[in-house]
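What follows is a set of notes on a single structure, which appears directly below.
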Ligand code: BTN
């Protein structure tokens, strides 16, 4: 994982790799404080204190997944626009995963705002954090965890989490018909997947920065959405409600139709579930 094949212009040119670290997001914040460059990349083979959204932990077994954090320093971006980068990253990761799965008709989907799922189970989580110095933005860190080779998960995740290799294997078991076909199957490796994530992220980020909104990305996002056109339960702390997800706005809100009303749902404290389960 240390020697990533890189075809990027600026992303990952300054990079740090660790066999074991507490959290690549924590390390990235430290590097921001030390003045690292825009595009700095932190990766690890394992984390022993990986952080997830809403204060959860992120299971980070050695060699099973990609644990990475990118540092961005878009100094002309208003602080309130930074959260959109999490949707930008979701599109990039979904496109990168598709490179390994689409030939098997296995298409990654995005569960709003930024979980990537395969067959309805989560393979990737993204945690974007602002690094502030007083009121001033010092940097934005985008942490990405991708389950690549995992074959088992802690009990509490077993119903909702999976890995790319596991899902590819389920597909092969159903479709394989000859030894030749097995030999030509494209195996997913962490090195190659990381290289695709970096390339895709760099491209999507540049599109995002041209308009500083999702206008050039929303279509790709919506095409890969697991929610749009389906019934969702919006878990709003003020009270949960059901509706049909219709799309996203150019600033990343989920558009939900609830009978007579159309609501724009912002991420933050709110999450969505499919009415029958996780997606
Ligand atoms: C989520 O809860 O869905 C977001 C999970 C983000 C996990 C990644 S793993 C690499 C980076 N370092 C961390 O400590 N967290 C993020």
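State which residue pairs qualify: first residue in contact (Cβ under 8 Å) with a residue 60 or more places away in the chain and farther than 18 Å from residue 162 by Cβ and inside the stretch 49-68, second residue within 8 Å of the ligand (Cβ to nearest atom) and assigned to a loop (DSSP other than H, G, I, E, B) in any location, beta carbons under 7 Å apart, and separation of 6 or more residues or different chains.
Filtered contacts from the stretch 49-68: 51/23; 51/58.
Pull up the stretch 54-68, narrow it to residues that are within 25 Å of residue 199 (Cβ to Cβ) and buried (at least 17 other Cβ atoms within 10 Å of the Cβ), then point me to the one that is farthest from the ligand (Cβ to nearest atom).
Step one: of the stretch 54-68, the residues within 25 Å of residue 199 (Cβ to Cβ) are 58, 60, 63-68.
In the following step, the residues that additionally are buried (at least 17 other Cβ atoms within 10 Å of the Cβ) were identified as 58, 60, 64-68.
Numbers: 58: 4, 60: 6, 64: 12, 65: 8, 66: 8, 67: 4, 68: 6 Å.
Residue satisfying both the conditions and the ranking: 64.
Here is a check on your reading of the model: is residue 40 within 11 Å of the ligand (Cβ to nearest atom) and either more than 20 Å from the chain's Cα centre (by Cα) or crowded, with 20+ Cβ neighbours inside 10 Å (or both)? Give the derivation first.
Working: within 11 Å of the ligand (Cβ to nearest atom): no; either more than 20 Å from the chain's Cα centre (by Cα) or crowded, with 20+ Cβ neighbours inside 10 Å (or both): yes.
In short, no.
Taking the stretch 92-108 on its own, how many of its residues are within 16 Å of the ligand (Cβ to nearest atom) and either touching a helix residue (DSSP H, G or I) at 6+ places or on another chain (Cβ under 7 Å) or at positive phi (or both)? Working first, answer last.
Here is the first cut: in the stretch 92-108, the residues within 16 Å of the ligand (Cβ to nearest atom) are 92-94, 96-97, 108.
Now narrow it down to the ones that are either touching a helix residue (DSSP H, G or I) at 6+ places or on another chain (Cβ under 7 Å) or at positive phi (or both): 92-93, 96-97, 108.
Within the stretch 92-108, residues that are within 16 Å of the ligand (Cβ to nearest atom) and either touching a helix residue (DSSP H, G or I) at 6+ places or on another chain (Cβ under 7 Å) or at positive phi (or both) number 5.
Might you let me know whether the stretch 257-273 holds any residue that is assigned to a strand (DSSP E or B), closer than 26 Å to residue 203 by Cβ and in contact with a strand residue (DSSP E or B) (Cβ under 8 Å, 6 or more places away or on another chain)? Steps first, answer last, please.
First pass over the stretch 257-273, keeping only residues assigned to a strand (DSSP E or B): 257-258, 261-265, 271-273.
Narrowing the set further to residues that are closer than 26 Å to residue 203 by Cβ leaves none.
There is no residue in the stretch 257-273 that is assigned to a strand (DSSP E or B), closer than 26 Å to residue 203 by Cβ and in contact with a strand residue (DSSP E or B) (Cβ under 8 Å, 6 or more places away or on another chain).
Only one of (1) within 13 Å of the ligand (Cβ to nearest atom); (2) under 17 Å from the mean Cα position of the chain (by Cα); (3) crowded, with 19+ Cβ neighbours inside 10 Å fails for residue 88. Which number is that?
For residue 88, the failing item is (1).
Which ones in the stretch 131-150 are buried (at least 16 other Cβ atoms within 10 Å of the Cβ) and either free of Cβ contacts under 8 Å to residues at least 24 places away in the same chain or in a strand (DSSP E or B) (or both)?
Those that are buried (at least 16 other Cβ atoms within 10 Å of the Cβ) and either free of Cβ contacts under 8 Å to residues at least 24 places away in the same chain or in a strand (DSSP E or B) (or both): 131, 137, 138, 139, 140, 141, 142, 143, 144, 145, 146, 147.
So which of 114, 25 ends up being at pLDDT 95 or above, within 13 Å of the ligand (Cβ to nearest atom) and surrounded by 20 or more Cβ atoms within 10 Å (Cβ to Cβ)? Break it down stepwise before answering.
Working: 114 fails: at pLDDT 95 or above.
The conditions single out 25.
The values are calculated or read from the model by the stated rules, or taken from the named source; none is laboratory data. Since the structure is predicted, the reported quantities are computational estimates derived from the model, not experimental observations. Cβ: placed from backbone, ideal geometry, glycine included. Neighbour counts: every protein chain shown.
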